[in-house]
Each structure stands twice: as structure tokens, then as C-alpha cells.
Amino acid sequence: MKTERLILRPLRPGDAPALAAYRSDPAVARYQGWELPYTVQDAQQLIAEMAGRVPGDEGWVQIGLESLAESVLLGDVALNTSGRQAEIGVTLTLAAQGRGYAAEALRVLISHAFGSLKLEQVRAEIDPRNVAVERLLLTLGFRHTSTEYGGYLNRGEWTDNAVYRLKGEEWLT
Ligand SMILES: CC(C)(COP(=O)(O)OP(=O)(O)OC[C@H]1O[C@@H](n2cnc3c(N)ncnc32)[C@H](O)[C@@H]1OP(=O)(O)O)[C@@H](O)C(=O)NCCC(=O)NCCS
């Protein structure tokens, strides 16, 4: 999948150092669930688990975001398909944030989910303190549907979990 500035492509073994570097960045990892530090070995394992998987396969599929102009890994998007719906995730390196890449990548992924994959709903689950992702989801047309207060254990801290949803019929019309 391509956008104006990005290519969405499978993660490759050569991405491991870059993936480990941005996942270990405390500013990037703050509201995410992986353990820190996130090592190159952890990244290699994730990349190996993703080999041969494509969006629409059941469970999480992690996809690399590469800049078309510079051929560098800017982050990743993910789709966790479960029956007729899927959850999305997105992570950008700090240097790539604030430039519209996340919205650009998610638009093409969501269009694929509702178009070719014929999914009916896409969901995102976020820490409500994560204002950058909240703004991104609202920009894309997601609606906040529920929050479970204090029900999510993340790195030893009980945090809130807010759910946002987008329906295929809303996206396609
Ligand atoms: C969540 C996350 C991906 C959002 O990234 P982001 O850079 O804010 O989102 P976008 O790439 O869509 O960029 C939007 C911003 O770029 C600006 N922008 C600059 N150039 C732009 C362009 N050509 N097109 C669109 N927007 C552009 C927009 O004005 C907007 O800024 P604003 O938020 O101050 O209004 C990022 O904060 C992140 O990686 N966080 C860490 C991981 C995480 O917590 N992920 C969420 C868990 S699901």
C-alpha cells in the first residue's frame, strides 16, 4: 500500500535496530504496553512473528511505515483482526511526529480494512492521557464509545482504557 509520502510494507530483519530504538524511546513508549527497554532481540522476535502475515489475518499484524523520499522506517501501523472487526495501532518515531504521517497511513489502512477486507468496524483502545492519538482518531472520524476507568494494568500502573470506534458505513459514505 502506498500513500503520497509513505509506503506501508512488511517489517524486515533489517528494521530491528530502528524498531528497537523508537520503541525504547520513553516519549514514544509512554502509553504503550510493551516492556522497556525494548531490545534489538525483542524487535527481531516481533519481525520474525510477523513474517508472511498480511492485514486481515486473525490477530495482530504489524506493518512498517517507510518514507518514500528517504527510504527510512518512520514507524509502524498495526491491524488486529477478529472476525468482522479489527483494532488499529500506530507508532511514529519522535522525529516523524507532527507531520501528518499517522493520519496518512491510517487512512489507507482503514480503507483497505473496510474495502478489500470487508470489515464492518474498526476500533482503537487508548490511554485517555494520550492526547496526540485522541486527536488523530477524532480527525479520522472515530467516536469515543466507552472508557473503563482503572481497569488496565500497564507496567505496574492501573490506567484508564478508552475505546474509539469507526463503522464501515460511516467511512465509505
Ligand atoms: C499517536 C501518534 C502516532 C500521533 O502522531 P501525530 O504526529 O500527532 O499524528 P499525525 O502524523 O497524523 O500528525 C498530525 C499533526 O501533523 C500536522 N501536520 C503537519 N504536516 C501535515 C500534513 N502534510 N498533513 C497532515 N497533517 C500535518 C497536523 O497539523 C497535526 O498537528 P496537530 O496534532 O498539532 O494538530 C504519535 O503521537 C505517536 O507515535 N505516539 C507514540 C505511540 C502511541 O502512543 N501510539 C498510540 C497507541 S494506539
| said: Taking the condition of being over 23 Å from His112 (Cα atoms), within 6 Å of the ligand (Cβ to nearest atom) and assigned to a strand (DSSP E or B), how many residues in the range 122-146 meet it? | reply: 0
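Based on what the data block shows, is Ala69 within 16 Å of the ligand (Cβ to nearest atom), free of Cβ contacts under 8 Å to residues at least 40 places away in the same chain and of a type in the set (A, V, I, L, M, F, W, C)?
On the way: within 16 Å of the ligand (Cβ to nearest atom): yes; free of Cβ contacts under 8 Å to residues at least 40 places away in the same chain: no; of a type in the set (A, V, I, L, M, F, W, C): yes.
No; evaluated as a whole, the condition is false for this residue.
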| query | Within the set of pairs 6 or more residues apart or between chains, which connect a residue that is assigned to a loop (DSSP other than H, G, I, E, B) inside the range 87-114 to a residue that is among the small types (Gly, Ala, Ser) and within 7 Å of the ligand (Cβ to nearest atom) with Cβ atoms less than 6 Å apart? | reply | Thr93/Gly75
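Among the candidates Ala27, Ala48, single out the residue that is outside any strand (DSSP E or B) and farther than 23 Å from Gly156 by Cβ. It would help to see each step written out before you state the result.
Numbers: Ala27 fails: farther than 23 Å from Gly156 by Cβ.
Going through Ala27, Ala48 in turn, the sole match is Ala48.
Within the range 75-86, count every residue that is more than 15 Å from the ligand (Cβ to nearest atom) and either among the hydroxyl-bearing types (Ser, Thr, Tyr) or part of a strand (DSSP E or B) (or both). Steps first, please.
Of the range 75-86, the ones more than 15 Å from the ligand (Cβ to nearest atom) are 81-85.
With either among the hydroxyl-bearing types (Ser, Thr, Tyr) or part of a strand (DSSP E or B) (or both) added as a condition, the list becomes 81-82, 85.
Final tally of qualifying residues: 3.
Residue by residue, here is whether (1) loosely packed, with under 12 Cβ neighbours inside 10 Å; (2) closer than 12 Å to Leu8 by Cα holds:
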site	(1), (2)
Gln44	no, no
Ala96	no, no
His112	no, yes
Ser116	yes, no
| task | Starting from the range 126-139, take each residue that is under 16 Å from Arg99 (Cα atoms) and list its partners that are surrounded by fewer than 19 Cβ atoms within 10 Å (Cβ to Cβ) and hydrophobic (A, V, I, L, M, F, W, C), counting only C-beta distances under 7 angstrom and pairs at least six apart or across chains. | result | Leu136/Ala103; Thr139/Ala103
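None of the figures in this text is laboratory data; all of them are computed from the coordinates on show. Remember, it's a predicted structure, so these values are computed and weren't measured experimentally. Ideal geometry is used to build each Cβ from the backbone, glycine not excepted, and the neighbour counts take in all protein chains shown.
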